[in-house]
Structures are given as C-alpha cells and as structure tokens.
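S.K.: My questions will all concern the structure given below.
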Amino acid sequence: MEDSSSIFDKLLEEDGIFENKEILRPSYTPNRLPHRSKQVNEIARILVPALKGETPSNILIYGKTGTGKTVAVKHVGRELEKKGEELNVDCSVIYLNCKVVDTQYRALAHIARHFDKDVPLTGWPTDQVYHELKDALDDRKKVATIMLDEIDRIIGKSGDDILYNLSRINSDLERSKVSIIGISNDLKFTEVLDPRIKSSLGEEDIIFPPYNADQLRDILQQRAERAIKEGAINSEVIPLCAAFAAQEHGDARRALDLLRVSGELAEKNGEEIRPEHVRKAQEKIELDRVLEVVRTLPTQSKVVLLAIVKHQECDRNTLTTGEVYEMYKKLARKIDIETLTQRRITDLISELDMLGIINAVVVSKGRYGRTKEISMNMSIDEIQNVLLTDYRLQNLKDYCPSTQTKL
DNA sequence: ATTCCACAGGAAGCGACGGCCC
DNA sequence: GGGCCGTCGCTTCCTGTGGAAT
C-alpha cells in the first residue's frame, strides 16, 4: 500500500497555485454575496414570517444563467434554518433542482425523504407519496420552504401538477405551513402557466439582472482571495475574466469557470496566472462546449459536419452548400444511411451555424449564383476525432475526398 | 438594362412516434 | 386497446434574389 500512497504524496506535495479550488466552483455558496444584497434582503423580508411560525408568501425568481439566483436562495435558506434553530422554530428548507428531479413523483418523494420518510424510487401511486409527505410535514409544527430551481424545465411536462399539488398542500395541513420559491431562467415562462398556479406562485416577484463587468470583478476578487494562493495571480487576470464574462450576458458562472480553468492551465505549466492563460481558457471552454454539442448531434447532422470537415481538410477555402451536399451524399452512401434532400441539408447547415460550430453566411457570387459560404474556425482535428467516435461513422475514418473522382 | 446562376428559405403536407383519454 | 392530437423530421414544390456577366 505504500506504493500507492507515495504516488499521491508526490502529487499532493507539488506546489499548486490553488489554496482551495472548490471556492471557484459554481456550486460553492459563499457567505457574502456582492451586489446581491438588495435581492437577498428582499427574499429574507418575504421569508421572515417563517420564523414566527406563519406562512411566508410564495416567491418567483427570474434571471438569466449565472446571475446568482441559486446561490442567493441557498444562502438565505441556510441563514433561515440557522436562525430558526436559535429561536427554536422548526424552519426546514428543501432545495431541489427540477432538471434533475423532473417528475411529480420524484419531486414529492425527494421532499418526503428529506423528512426521513422511506419512499421507494418507484412503485407507489403518486397519491400515496403525497399523503406520506403530508403526514411527514404535519407530524409536528413546522414551516417548510421548498425551493424549486430551474422550474421552467418541468412545466409543460405534467410538471404543472407538482406546482398545483404543492400550492394546495397548505389547505390539507393542520399544523405546518409550506411556502414555495420558484426559480426560473426563462423570463416568459409564466405565460404558459395555469393562471391559478401563476397567481398563487407569483405572490412576490424578484428579478436578478445580469452582472456588469465591475460587479463580476468584485465577485471574482472575493473568491480568488481565498481560492488562490497569494502572489500566484497577475493583477490583470481578474479584470480580464470579468470583461470576457460580461460580454457573455454577465454570467458569473462563466467568469468563475474562466478563472478556474486559467488557473489549471497555469498550474500545469508551473506558472502564475497571466492574461494569456485566460485567453487560452476562453478557447478551451469554448472548444469543450462545442465538442460536447458535436458528440450529441443526431447522425445526419454529424455526417453533414463531417462532410464540411473533410472538405476543409484538403482545401481550406470556404465552401458552398452545393459542395457540402455533394460530399455529404458520398459519405452517406458510403456508410449506407438515408440520403436526405438538399433542402433538408440547408436546414441542418443553418442549425450547425446557430450552434456556433460552423460559420455560414449567405453571399451572392453574381452570375455564379447565391449560396452560403461555409467555414470553420474551430479545431478541425478535434472535431473530426469526436465525430469518428460515433460507431456509425467509423467507416469514414480513412475516407479521403481527393482520391475520389468519379461521379 | 437584362439575364441568369445557385442557391435561400417559405408553405404545405406526409408519416412516424409518443402521450393522453376514454 | 384504440382513437385522437401535437410534434418532429423530412420531402415536394415553390417563389425570391444579389450581382457578375452579358
């Protein structure tokens, strides 16, 4: 066993630049939330009745990704539970993410389990879970605050029922009270909501605006102080991360990712974090995002993309829809899948463009027609590698367009 | 000024599929 | 289990168009 411990010892001893990398993860909840005191106080004001054993109003929270909604809500929840203990009032806070817990059954079961009820993952009728939950809530006086994050992910999917059931649970309870906090990325999602649910859920609205570059800088500064060792970071790095993220709709998550990835890159080279690491991190994050999208593309789109890649490989001028289509047809025939029409391929190319994988611009070449000019600025090799991991495209691995001439 | 290329992209409709309701 | 409906991926048919070539 000494062998295995020694290899880790060596790695542990290496002088990294992080004091505590966890602090830079988006899931970390800091104790102080810069530039969100207004929203935090607002939430706290609404939840105060819980500490007196009364029912707080339900809240709907809106804001784009990375505007601090989740973190603010969790922070207030933690404080509420703490204060409740002090005052000897039972304030339970349950957080659940509707993207993960995405059906009524799972949501109710999740909440019931929070109160130590034994609910199986599947099998019971939803009714029974509901009653189990009701009993759990009512066994002694308490105020429960249920936080439904990414609530827009379940509405439309029978998720309306969860909201409906949760909002009416108060009338079934004798001792306890429930309040709901809904968190949404989508500002328009209430439009499709049942008006009854809408009015009961949206008793109070809170909006989280995007951060600007200065605010992002403060956030990064605060976290960096504890996450990164002193002197391991160049003074230009944080403003640069903030500026990049501010361009991207003020997403704090993006800003933190940038800083963390910059740090990882710098650490690997045994250097302090400098602006060039940030630029590299920006590229890396973008590349990772694109590769992930490519991996999960439908087969036809993959073939279209591969057609573009193969073309670009030997002749890296921009190409036209017609050229892509010809190449696509060859590839599709080779691996024996359905060959779609050019009209459809036009749409698939537009989709790839919108996903930011390729660039497609309509241009007129006068006499020689009007077409899309298609080009790629991403790493062709890496994209090709990902495409070829799809077993359906394996046979195209060594396919070379230049050796192909007939028809 | 006109022509005409090589497509873009809208409209309509079709078949397959999944969910829902009786 | 069967009928109904909405959605998705796709085809067919179509009209529209910027600008080099004539």
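The values are calculated or read from the model by the stated rules, or taken from the named source; none is laboratory data. Predicted model only: the values in this text are computed from it and were never measured. Reconstructed Cβ throughout: ideal geometry from the backbone, glycine too, with neighbour counts over all protein chains shown. Protein only, heavy atoms only, side chains kept; ligands, DNA and RNA dropped before computing areas. Shrake-Rupley method; radii C 1.70, N 1.55, O 1.52, S 1.80 Å.
S.K.: Among the residues of region A:327-337, is any away from DNA strand B (no atom under 16 Å from the Cβ) and part of a loop (DSSP other than H, G, I, E, B)?
M.R.: Among the residues of region A:327-337, at least one is away from DNA strand B (no atom under 16 Å from the Cβ) and part of a loop (DSSP other than H, G, I, E, B), which makes the answer yes.
S.K.: Given (1) within 7 Å of DNA strand C (Cβ to nearest atom); (2) modelled with pLDDT under 95; (3) charged (D, E, K, R), where does residue A:344 come up short, assuming only one miss?
M.R.: (2)
S.K.: Looking at residue A:51 and the list (1) open to solvent by less than 20 Å² (accessible area, probe 1.4 Å); (2) part of a helix (DSSP H, G or I); (3) in contact with a Gly (Cβ under 8 Å, 6 or more places away or on another chain), which single condition is not satisfied?
M.R.: Of the numbered conditions (1) open to solvent by less than 20 Å² (accessible area, probe 1.4 Å); (2) part of a helix (DSSP H, G or I); (3) in contact with a Gly (Cβ under 8 Å, 6 or more places away or on another chain), the odd one out for residue A:51 is (1).
S.K.: Name the residue, out of A:71, A:93, that is surrounded by 18 or more Cβ atoms within 10 Å (Cβ to Cβ) and out of contact with any strand residue (DSSP E or B) (no Cβ under 8 Å at 6 or more places or on another chain).
M.R.: Working: A:93 fails: out of contact with any strand residue (DSSP E or B) (no Cβ under 8 Å at 6 or more places or on another chain).
Only one candidate qualifies: A:71.
S.K.: Residue pairs, Cβ under 8 Å, 6 or more apart or interchain, first in region A:369-386 and over 16 Å from residue A:296 (Cβ atoms) and in contact (Cβ under 8 Å) with a residue 12 or more places away in the chain, second near DNA strand B (Cβ under 8 Å from one of its atoms) and of a type in the set (Ser, Thr, Tyr). List them.
M.R.: Close Cβ pairs (under 8 Å, with a partner that is near DNA strand B (Cβ under 8 Å from one of its atoms) and of a type in the set (Ser, Thr, Tyr)) amount to A:371/A:320; A:371/A:321; A:372/A:320; A:372/A:321; A:372/A:346; A:373/A:320; A:374/A:320; A:374/A:321.
S.K.: Within region A:303-326, how many residues turn out to be more than 12 Å from DNA strand B (Cβ to nearest atom), assigned to a helix (DSSP H, G or I) and open to solvent by 50 Å² or more (accessible area, probe 1.4 Å)?
M.R.: So the count comes out to 2.
S.K.: Condition test on residue A:369, is it more than 8 Å from DNA strand C (Cβ to nearest atom), open to solvent by less than 50 Å² (accessible area, probe 1.4 Å) and modelled with pLDDT under 95?
M.R.: Values: more than 8 Å from DNA strand C (Cβ to nearest atom): no; open to solvent by less than 50 Å² (accessible area, probe 1.4 Å): yes; modelled with pLDDT under 95: yes.
When the stated conditions are applied, residue A:369 does not pass them.
S.K.: Somewhere in region A:287-298, is a residue among the hydroxyl-bearing types (Ser, Thr, Tyr) and either modelled with pLDDT under 95 or more than 11 Å from DNA strand C (Cβ to nearest atom) (or both)? Walk me through how you get there before you give the answer.
M.R.: Filtering region A:287-298 down to residues among the hydroxyl-bearing types (Ser, Thr, Tyr) leaves A:296.
Pick out the ones that are also either modelled with pLDDT under 95 or more than 11 Å from DNA strand C (Cβ to nearest atom) (or both) and you get A:296.
Checked against the condition, which is being among the hydroxyl-bearing types (Ser, Thr, Tyr) and either modelled with pLDDT under 95 or more than 11 Å from DNA strand C (Cβ to nearest atom) (or both), region A:287-298 yields at least one hit.
S.K.: Need pairs with beta-carbon distance below 6 Å; first residue at negative phi and within region A:49-74, second in a loop (DSSP other than H, G, I, E, B) and among the acidic types (Asp, Glu); sequence gap 6+ or separate chains.
M.R.: Within 6 Å, the pairs are A:57/A:203; A:58/A:203; A:65/A:251.
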